[in-house]
Each structure stands twice: as structure tokens, then as C-alpha cells.
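Engineer: Below is the structure I would like to discuss, written out as C-alpha cells.
The values are calculated or read from the model by the stated rules, or taken from the named source; none is laboratory data. None of the values given here were measured: they were computed from a predicted structure. Every residue, glycine as well, gets a Cβ built from its backbone with ideal geometry; the counts of neighbours run over all protein chains shown.
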Amino acid sequence: MARPTPDPVQMVKQRRDAALNALVEGVPYIRFLGIHFDRRGDELTAVMPYDEKLIGNPSLPALHGGATAAFLEVAAIIGLSWAMLWEEIESGRLDPDSLAAGDLPRLPKTIDFTVDYLRAGLPRDAYARAQVTRSGRRYASVRAEAWQDNRGRPFAEATGHFLMPRRDG
């Protein structure tokens, strides 16, 4: 019995990128903040390009604490959702084309989210990565950190607990 020919690598990448873009575009607040994601395999880096509207203290100038917290929370929720979807996409249980067509899954809901502000966020692009530390059927815990020029010098970090959406099937 002949094996089916696998999809070309470029097609697989395009489907994964389309699924991620559909997930991100489904949240208007993410668009408002200008956040986008750089995907390398299953690893995501959130990017929040500098914008004047993100400045909270113009005399320093420094990023607004609310924008920083929102950036970290978005990175955590999308990172958690992507980790969940990645397994389903790779196992064939979820068609990435259905995500691109607008059949979006429900996102995890924040139970609590704690941000530690380590230093002022400067008026420049910011990056964040989230790491899922525990994920079950009902509950997940995520740690996220944000940096600007040097990943070894984060300007904020956060820990969040999330209620996972009920999965059909």
C-alpha cells in the first residue's frame, strides 16, 4: 500500500501561519495594540511595535503599565491557545483551514494575572514570550516575560492562571 505524499513544507508553513493569523485577528484589542507574532515552529514571540499611544509617562518617556500588562496577557493567552491548537493541528484533529475560514476556538479566560514591572519600558519595540507551565483540561498556568533590546534584561514578567475552554470531542 502506497503512502500518501506529504504536503510540501511551504504549504504546511502557510497553513500554520494562516491558523495563527486567524487566531490573532479574531481579537480586536490585539489589532488595536498593533501586536503581531513571529512563529518559528511551535514557538511564538509576540512583538508590540512602538507607537506613541502606548506611552504612559511622556516626561520619561515610558510605556504605560496597562499596555505592558495587556501585552503580556495577550502573549500568554495566544501562546496557551497556540500550544493547544498546535497539538490538534499536528495530530490531524483540527483543520487549519477551518480556523482561517473563521471557525475560531474559544480562548482561555483569565482567572488571575500578576505583573511584575522590573524597569521602565522604553519608547521602542517590545517582545514577549510565554511558557505554559501547567496545562490541563480545565486549568492552565502560564509565565510570560517582556524585553526590548536584550532578552536577558526583561522589563516586565507575569504569571497567569487561566480557565480552559471546554473542548468538544
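Engineer: Pull out all pairs, ordered by first then second residue, where Cβ-Cβ is under 7 Å, the residues are six or more apart or on different chains, the first lies in the range 23-43 and is farther than 13 Å from Ser81 by Cα, and the second is of a type outside the set (Lys, Arg) and part of a loop (DSSP other than H, G, I, E, B).
Structural biologist: Taking only residues 6 or more apart or on different chains, the pairs are Gly34/Pro49; Gly34/Asp51.
Engineer: Would you check which residues across the range 37-46 are surrounded by fewer than 16 Cβ atoms within 10 Å (Cβ to Cβ) and of a type outside the set (Lys, Arg) and list them?
Structural biologist: Asp38, Gly41, Asp42, Glu43 - these are the residues of the range 37-46 that are surrounded by fewer than 16 Cβ atoms within 10 Å (Cβ to Cβ) and of a type outside the set (Lys, Arg).
Engineer: Please tell me if Thr68 is closer than 17 Å to Gly121 by Cβ, at pLDDT 90 or above and surrounded by fewer than 18 Cβ atoms within 10 Å (Cβ to Cβ). Walk me through how you get there before you give the answer.
Structural biologist: Numbers: closer than 17 Å to Gly121 by Cβ: yes; at pLDDT 90 or above: yes; surrounded by fewer than 18 Cβ atoms within 10 Å (Cβ to Cβ): no.
When the stated conditions are applied, Thr68 does not pass them.
Engineer: Provide a single number: the residues in the range 47-60 that are touching a residue at least 24 places away in the same chain (Cβ under 8 Å), more than 19 Å from the chain's Cα centre (by Cα) and either surrounded by 15 or more Cβ atoms within 10 Å (Cβ to Cβ) or closer than 19 Å to Val132 by Cβ (or both).
Structural biologist: So the count comes out to 1.
Engineer: For the range 100-122, enumerate the residues that are outside any loop (DSSP other than H, G, I, E, B), of a type in the set (A, V, I, L, M) and modelled with pLDDT of 70 or more. Don't jump to the end; show me each part of the working.
Structural biologist: Of the range 100-122, the ones outside any loop (DSSP other than H, G, I, E, B) are 100, 109-117.
Those still in the list that are of a type in the set (A, V, I, L, M) too: 100, 111, 115.
Within the range 100-122, Ile111, Val115 meet the criteria.
For (1) polar (S, T, N, Q); (2) at pLDDT 95 or above; (3) out of contact with any Lys or Arg (no Cβ under 8 Å at 6 or more places or on another chain); (4) more than 23 Å from Gly26 (Cβ to Cβ), each residue gets a yes or a no:
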site: Trp86; (1), (2), (3), (4): no, no, yes, no
site: Gly92; (1), (2), (3), (4): no, no, yes, no
site: Ser98; (1), (2), (3), (4): yes, no, yes, no
site: Trp147; (1), (2), (3), (4): no, yes, no, yes
site: Ala158; (1), (2), (3), (4): no, yes, no, no
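Engineer: With respect to Arg31, is the statement that it is at pLDDT 85 or above and in a strand (DSSP E or B) true?
Structural biologist: Details: at pLDDT 85 or above: yes; in a strand (DSSP E or B): no.
Criteria not met by Arg31.
Engineer: So Met11 fits all but one of (1) touching a Gly at 6+ places or on another chain (Cβ under 8 Å); (2) assigned to a helix (DSSP H, G or I); what number is the exception?
Structural biologist: Just one mismatch for Met11, condition (1).
Engineer: Scan Leu72, Leu60, Leu20 and give me the residue that is of a type outside the set (Gly, Ala, Ser) and in a loop (DSSP other than H, G, I, E, B).
Structural biologist: Working: Leu72 fails: in a loop (DSSP other than H, G, I, E, B); Leu20 fails: in a loop (DSSP other than H, G, I, E, B).
Exactly one residue qualifies, and that residue is Leu60.
Engineer: A further question follows. In the range 123-169, how many residues are buried (at least 16 other Cβ atoms within 10 Å of the Cβ) and part of a loop (DSSP other than H, G, I, E, B)?
Structural biologist: The total comes to 5.
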